[in-house]
Amino acid sequence: MLKKIILIAAIFCLPLSIWAKPATAVKNIVASSQDLAYIAARVGGRHVTVKSLTSGDEDQHYVEARPSMVMALKNADVFVRIGMELDMWADALMIAAKNDKIMRGGSGEIDASANIEKLQVPSGKIDMSMGDIHAFGNPHYWLDPQNAGVIAKTIAARLSEIDSANAQDYNANAKAFGEETAAKLRVWQKRLEPYAGYKIVVYHDSWPYFAKRFNLIIAGHIEPKPGIPPSPSHIASLIDMMRREKVKAILCETYFNGKTTGSLSEKTGVGVASAPLSVGGVRGADTYERLMDYIVARLEEAFKK
Amino acid sequence: MFDLMLAPFAACLILVGIHAYLGIHVLERGIIFVDLALAQLAALGSITAVLAGFPLHTPQSYVFSLLFTLAGAVLFSLTRGKRNGVSQEAVIGIAYVVCAAASVLALERIPGESQHIKEMLVGNILFVSWRQIMETLFLYGLVGVFHWVFRKKIMLISSRPADAEKNGVSIRWWDFLFYAAFGLVVTSSVEIAGVLLVFSFLVIPAFCAMLLVRGFTPRLAAGWTMGVFTSLAGIYASARFDLPTGAAIVCAFGVLAFACIVIASLKPGLCNR
């Protein structure tokens with residue numbers, strides 16, 4: 001009798017025990033950008049392998065899907081994404097991958113923007129006439145080195161939840177990365193200190209986090225509205241403004257047209273800093289530190305011109 | 001990988017099914033770029049709907065793009081043949097560029113929607129859903145039935161319009177129906193596969209079949225066979241070498257076209273039209 005009861009109880013508990021068993025592996029991490037891949041690799045350390053869906057010189061607004069991206073997401077335990085509507089191209093990939101772990105709201109989907117103090121969050125109704133506006137604020141938050149530490153913490157917290165056995169490692173790695181970046185940030189801030197309060201013109205609105213951290217003022221955009229190429233009259237008024245406001249540099253994403261920035265620079269005598277937005281965007285910028293080093297160095301050169 | 005590529009392949013099958021057939025008509029009539037013009041008109045219709053306050057993917061928006069497509073059908077049925085030595089292809093080209101430029105102007109006012117409207121013209125066959133495939137199959141089925149029932153008239157008008165006129169067939173009316181049905185097909189196929197791929201499906205199998213064999217039925221059979229195997233090759237290449245799927249299929253069709261041109265020139269007597 002007793003044996004029977006135990007047997008029946010065991011049968012009933014079997015599915016429960018499977019259900020309650022925590023998913024422990026975070027072996028395969030996939031990230032939507034090289035920056036997040038780099039930070040996730042630093043946090044995961046020896047416990048993980050990390051793959052980025054895009055290369056460093058790709059415009060995150062427009063990404064061409066390839067079969068391998070879907071396959072990477074199929075086999076992913078964790079997917080780290082930029083969020084804030086920037087990497088919306090990943091949505092179709094996630095649907096095609098049919099992987100419950102990384103589906104919206106799944107345990108393995110990490111929105112790296114979760115704990116970021118967001119800039120340019122629109123207040124009130126968003127109007128289609130405002131351009132390619134992101135409803136949750138400007139999504140280029142990783143370009144503030146302080147946010148790199150925040151991203152690392154967000155990733156570490158989730159990895160610890162999923163794989164509690166190695167939680168200590170993840171948190172220690174995130175802390176070390178955060179401290180390392182904070183130390184470097186002081187060096188970068190020192191280098192750009194002489195230019196504090198300088199006005200710059202940027203191509204796309206990718207730089208508000210960066211500019212805020214380094215006390216630069218974004219006086220204008222080459223794109224009249226995000227995602228829309230400049231018209232002749234916009235360029236003409238931009239040139240007037242740059243002379244009037246004494247703009248000191250043009251900061252331009254590497255993947256945008258060099259001709260427009262070149263002619264602006266020629267007409268105004270202002271130097272151009274052409275810099276990638278992501279790790280691996282140019283040769284040598286293969287870590288987050290080197291990416292930031294690169295951006296800071298190009299800006300210094302442009303200011304000195 | 002196999003299950004990932006299965007839906008795109010199924011989509012290719014039904015797209016080749018209807019486009020290789022329509023392609024023979026399109027080549028006979030010498031209106032090669034009509035698919036681009038009609039797809040662009042449909043997109044312009046959706047943009048106009050957004051400007052008028054009807055969001056994308058609503059019935060009103062669909063009605064707008066349908067009306068624009070029908071307007072194109074009227075225009076193309078009125079401009080048939082050569083006038084003063086200028087072929088209809090010129091009208092089609094003009095319609096295409098003006099619609100594309102008008103879309104650019106209109107999109108500037110609604111950049112928030114621009115991404116979605118661009119998607120109408122650059123559909124990605126890798127992400128086609130089974131639901132989309134079934135809906136498209138149903139629509140193409142209707143158009144296919146229409147073409148089957150009226151095949152004699154439609155074929156006569158495509159290949160020998162003068163004879164059709166002699167027999168008292170209203171060429172304008174049948175042209176309008178042809179272009180309207182064509183617009184329906186192209187609008188949904190472009191949303192699935194994008195303009196490049198749809199153009200390839202439409203023109204290349206039919207072109208190759210016309211180079212190699214004679215008669216409508218053999219050409220249709222050859223077009224379908226070559227279309228299916230070339231799609232399969234493109235999809236295999238996309239999976240094997242990790243290429244964007246649509247572009248890989250288009251290039252596979254390019255290889256097919258080149259091969260057929262070489263074969264046809266080696267055997268000049270193969271097909272004298």
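The values are calculated or read from the model by the stated rules, or taken from the named source; none is laboratory data. Since the model is a prediction, treat every value here as computed from it, not as a measurement. Virtual Cβ from ideal backbone geometry, glycine too; neighbours counted across all protein chains shown. All accessible areas refer to the heavy atoms of the entire protein, side chains included, with ligands and DNA or RNA removed. Shrake-Rupley method; radii C 1.70, N 1.55, O 1.52, S 1.80 Å.
Charged neighbours of A:LEU73, selected by a Cβ distance under 13 Å, balance to +2 (K, R count +1; D, E count -1).
Only helical DSSP H runs with n ≥ 4 go in: add -39500 (n - 2.57) per run for chain B, normalise by residue count and round the 222 nm mean residue ellipticity to 500 deg cm²/dmol.
-27500 deg cm²/dmol
Might you tell me the accessible area per residue for the protein assembly as shown, computed with a 1.4 Å probe and given in Å²?
Numbers: 27580 Å² over 578 residues.
I get 48 Å² per residue for the protein assembly as shown.
Label sites at A:ALA135 and A:ASN215, each approximated as a point 7 angstrom past Cα along Cα to Cβ, lie 3.8 nm apart. As a test of the formula, what do you get for chain A when each DSSP H run with n ≥ 4 contributes -39,500 (n - 2.57) and the sum is divided by the residue count, at 222 nm and rounded to the nearest 500 deg cm²/dmol? Roughly -14500 deg cm²/dmol at 222 nm, from the helical runs in chain A. Using every pair of distinct Cα positions in the protein assembly as shown, the Kirkwood expression returns a hydrodynamic radius of 27.3 angstrom. Could you please state, rounded to a whole Å, how far the C-alpha centre of segment B:204-260 is from the C-alpha centre of segment B:33-58? Answer, in whole Å: 29. Distant-in-sequence amide contacts of A:ALA249, defined by a placed amide H-H separation under 5 Å and a gap of 5 or more residues or a different chain, comprise A:VAL201. Simple rule: put +1 on each Lys or Arg Cβ and -1 on each Asp or Glu Cβ in the protein assembly as shown, find the dipole, and look at A:PRO208, A:MET88, B:ALA73; the Cα lying farthest toward the positive end is B:ALA73. Compared with the dominant principal axis of the Cα atoms in chain A, helix A:34-44 is inclined by about 40°. By its C-alpha gyration tensor, with a ≥ b ≥ c as the square roots of the eigenvalues, how is segment B:118-273 shaped: rounded for a/c under 1.5, else prolate for a/b larger than b/c, else oblate? Oblate, since a/c reaches 1.5 and b/c is not below a/b. Taking amide H positions as modeled 1.01 Å from N, with prolines and chain starts lacking one, the residues under 5 Å from A:GLN120 and 5 or more places away or on another chain are A:ASN138. Across segment B:57-63, rounded Karplus estimates of 3J(HN,Hα) from the backbone phi angles (6.51 cos²θ - 1.76 cosθ + 1.60, θ = phi - 60°) give 6, 10, x, 4, 4, 5, 4 Hz, Gly and Pro being marked x. Solvent exposure of B:THR230, expressed as accessible area, is near 10 Å², computed with a probe of 1.4 Å over the protein chains only. Across the protein chains, with a 1.4 Å probe defining accessible surface, the residues A:MET292, B:MET226 rank B:MET226, A:MET292 from largest area downward. Angle, helix A:167-192 long axis vs. longest principal axis of chain A, Cα atoms, 0 to 90°, nearest 10? Taking Cα atoms only, the helix is inclined about 0 degrees.
Classified by the C-alpha gyration tensor, chain B has an oblate form. Its axis ratio a/c, with a ≥ b ≥ c, is 1.5 or above, and a/b does not exceed b/c.
Extension gain, A:GLU245 to A:ASP100: 0.36 nm times the residue separation minus the Cα-Cα distance gives 46.9 nm.
Note on A:HIS221: accessible area approximately 60 square angstrom, rounded to 10, probe 1.4 Å, nucleic acids and ligands left out. Shielding value for B:236-246 is 3, the average number of Cβ atoms from other chains within 10 Å of each residue's Cβ.
Using a 10 Å cut-off around each Cβ of peptide A:89-99, what is the average number of partner chain Cβ atoms that fall inside? List each step's numbers first, then the result.
Numbers: counts 2, 0, 1, 4, 2, 0, 2, 7, 1, 2, 0.
Per residue, the average neighbour count from other chains is 2.
Across segment B:167-174, rounded Karplus estimates of 3J(HN,Hα) from the backbone phi angles (6.51 cos²θ - 1.76 cosθ + 1.60, θ = phi - 60°) give 7, x, 7, 6, 5, 4, 4, 6 Hz, Gly and Pro being marked x. Whole-Hz Karplus values for segment B:152-162 come out as 5, 5, 5, 5, 4, 5, 5, 9, 9, x, 5 Hz, taken residue by residue from phi with 6.51 cos²θ - 1.76 cosθ + 1.60 and θ = phi - 60°; glycine and proline positions read x. In whole percent, and with a 1.4 Å probe on the protein chains, what portion of the accessible area of the protein assembly as shown is carbon and sulfur? The C+S portion of the solvent-accessible surface of the protein assembly as shown is 63 percent.
Add +1 for every Lys or Arg and -1 for every Asp or Glu among the other residues with Cβ under 13 Å from the Cβ of A:HIS234, and state the total. Numbers along the way, then the final one.
On the way: positive: A:LYS225; negative: A:GLU223, A:ASP240, B:GLU108.
Neighbour charge sum, excluding A:HIS234 itself: -2.
Across the protein chains, with a 1.4 Å probe defining accessible surface, the residues A:ASP59, A:ASP35, A:ASP91 rank A:ASP91, A:ASP59, A:ASP35 from largest area downward. Placing unit charges on the Cβ atoms of the charged side chains and taking the dipole of the protein assembly as shown about its Cα centre, the candidate lying farthest along the positive direction among B:TYR21, A:ILE250, A:ALA275 is B:TYR21. The accessible area of A:GLU117, taken with all protein chains in place and a 1.4 Å probe, comes to roughly 150 Å². Grouping the Cα pair distances of segment A:187-304 into 10 Å bins from zero gives a pair-distance distribution of 14, 49, 31, 6, 0 percent in increasing distance order.
Please report the antiparallel percentage of DSSP beta bridges with both residues in segment A:187-304, rounded to the nearest 5.
Numbers: 1 of 13 bridges.
Antiparallel: roughly 10 percent of the beta bridges in segment A:187-304.
A Förster radius of 30 Å combined with the Cβ-Cβ distance from B:ASN84 to B:ASN167 puts the calculated FRET efficiency at roughly 0.65.
Of A:LYS225/A:LYS246; A:LYS175/A:LYS305; A:LYS212/A:LYS246, which pairs sit farther than 28 Å apart, going by alpha carbon to alpha carbon?
Numbers: A:LYS225/A:LYS246 22 Å; A:LYS175/A:LYS305 38 Å; A:LYS212/A:LYS246 19 Å.
From the list (A:LYS225/A:LYS246; A:LYS175/A:LYS305; A:LYS212/A:LYS246), the Cα-Cα distance tops 28 Å for A:LYS175/A:LYS305.
Bridging of B:LYS82 to lysines at a Cα separation below 20 Å is possible for B:LYS166, once same-chain residues fewer than 8 apart are set aside.
Expressed in units of 2.2 N^0.38 Å, where N is the residue count, the Cα radius of gyration of chain A is 1.18.
Less than 5 angstrom separates the built amide H of A:ALA31 from those of A:LYS51, A:SER52, A:LEU53, A:VAL80, all sequence-distant by 5 or more or on a different chain.
Using a simple charge model, +1 on the beta-carbon of Lys and Arg, -1 on the beta-carbon of Asp and Glu, nothing else, what dipole does segment A:187-304 show about its Cα centre, in debye to the nearest 20?
Numbers: 16 positive and 12 negative charges, 57 e Å.
Dipole magnitude for segment A:187-304 comes out near 280 debye.
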